[in-house]
Amino acid sequence: SPESLASCVRLVEQHRSAWCFALLVLGYLLYLVFGAVVFSSVELPYEDLLRQELGKLKQRFLEEHACLSEQQLEQFLMRVLEASNYGVSVLSNASGNWNWDFTSSLFFASTVLSTTGYGHTVPLSDGGKAFCIIYSVIGIPFTLLFLTAVVQRIIVHVTRRPVLYFHIRWGFSKQVVAIIHAMILGFIAVSCFFLIPAAIFSVLEDDWNFLESFYFCFISLSTIGLGDYVPGEGYNQKFRELYKIGITCYLLLGLIAMLVVLETFCELHELKKFRKLFYVKKDKEEDQVHIMEHDQLSFSSISDQAASMKDDQKANEPFVNSQSPTSNDSSLNN
């Protein structure tokens, strides 16, 4: 009936945020299952072929070396694989690269603090493991503070001022300018930190093609850090120390650039409205009652608090013009 339909509509509207959040959770779970199905269907046949190939190689090796038992071979292989997990290879063409010289340690420290963590090099000693824990507990929040401060300063000059300039000086819509600016900034970031570095890595790394190099750039700057591709680990890598320092700088600058682009897109008006669908709405009446119940608060303190809240709101709305168009236009002309 129309009355029951109207009551259902009112019920949905009253709990709109909860329904949106439930759909968000369901969509995320389905996305996880979708990824698992695709990865399994694509990679499982390749794993099966590799297992068959290794089994044939092992059987052939045992047939050619009858004096060696299968148990002895497996013990040797287990020890080699265990050392490989710690970044130490038994191969003669890899013995020239040390994992814990200064430049490699600097690269390791940057991957730990940025939470990339390739896993190709890990601490060997108990002291190293203990120091890694303490170093990370202090360093990761320190890195987040550092990156937040850097991104906040950069985004003022890279995003907020250019958008405000085109809006005030040329009269374009603030939302349209913000969208175009975000798209241009994203294209520049992809070009400078994905496409160009991928082309450079494909030249410097003998075994990498462009796709593998682009894959490394994406896995690194997204802080996924699978560790299947790590630059500077090849045999007799030229200028390895300088190369490692350059990669460390690239990772830090690239991470800052990705955060700037992400923050720019998050400040778009459309995305803000979309995100609010899944947030719990604040009960403003409860906040007002809570403030009025404090008798010790004077009128001046309440007005100061309201002024600070207004300033915070302006800071959180970077594309909102805090001054009159006339004064801003005159300041830009100056």
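The values are calculated or read from the model by the stated rules, or taken from the named source; none is laboratory data. The structure presented is a predicted model; accordingly, all values stated were derived computationally and were not measured. Reconstructed Cβ throughout: ideal geometry from the backbone, glycine too, with neighbour counts over all protein chains shown.
Could you tell me whether I155 is farther than 21 Å from V261 by Cβ, surrounded by 13 or more Cβ atoms within 10 Å (Cβ to Cβ) and not charged (D, E, K, R)?
Against the criterion (farther than 21 Å from V261 by Cβ, surrounded by 13 or more Cβ atoms within 10 Å (Cβ to Cβ) and not charged (D, E, K, R)), I155 does not qualify.
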For this session: Go through (1) at pLDDT 85 or above; (2) within 31 Å of the chain's Cα centre (by Cα); (3) charged (D, E, K, R) and name the single condition D48 misses.
Result: (2)
Problem set entry | the stretch 224-267: number of residues that are among the polar types (S, T, N, Q) and within 20 Å of L147 (Cβ to Cβ) | 2
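Each row is one residue, and each column tells you yes or no for (1) in a helix (DSSP H, G or I); (2) of a type in the set (V, I, T).
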site: S110; (1), (2): yes, no
site: T115; (1), (2): no, yes
site: I133; (1), (2): yes, yes
site: P141; (1), (2): yes, no
site: Q152; (1), (2): yes, no
site: L164; (1), (2): yes, no
For this session: Taking the residues in the stretch 217-259 that are more than 19 Å from the chain's Cα centre (by Cα) and of a type in the set (S, T, Y) as candidates, determine which candidate is nearest to Q152 (Cα to Cα).
Result: Y243
For this session: Tell me which residues, restricted to the stretch 5-49, are of a type outside the set (A, V, I, L, M), assigned to a helix (DSSP H, G or I) and within 22 Å of Y279 (Cβ to Cβ).
Result: R10, E13, Q14, R16, S17, W19, C20, F21, G27, Y28, Y31
Problem set entry | T121 vs. criteria of a type outside the set (G, A, S), surrounded by 14 or more Cβ atoms within 10 Å (Cβ to Cβ) and modelled with pLDDT of 85 or more | no
Problem set entry | Single match in A66, A22 (criterion: under 30 Å from the mean Cα position of the chain (by Cα) and without any contact (Cβ under 8 Å) to a residue 40 or more places away in the chain) | A22
Exercise. Does any residue of the stretch 199-216 turn out to be within 29 Å of R153 (Cα to Cα), at pLDDT 90 or above and touching a Leu at 6+ places or on another chain (Cβ under 7 Å)?
Worked result: no
Exercise. When you scan the stretch 188-239, how many residues do you find that are in contact (Cβ under 8 Å) with a residue 60 or more places away in the chain, in a helix (DSSP H, G or I) and among the polar types (S, T, N, Q)?
Worked result: 1
Exercise. Within the stretch 88-106, is there a residue that is outside any helix (DSSP H, G or I) and within 21 Å of the chain's Cα centre (by Cα)?
Worked result: no
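Here's the yes/no breakdown for (1) farther than 17 Å from V230 by Cβ; (2) in contact (Cβ under 8 Å) with a residue 40 or more places away in the chain:
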residue	(1), (2)
M78	yes, no
N85	no, no
W98	no, no
T143	yes, no
R160	yes, yes
Y165	yes, yes
F172	yes, no
Q175	yes, yes
For this session: Confirm whether G246 is out of contact with any helix residue (DSSP H, G or I) (no Cβ under 6 Å at 6 or more places or on another chain) and part of a helix (DSSP H, G or I).
Result: yes
Exercise. If you take the residues in the stretch 136-150 that are of a type outside the set (V, I, T) and exposed (fewer than 14 other Cβ atoms within 10 Å of the Cβ), which one is farthest from Y86 (Cα to Cα)?
Worked result: A149
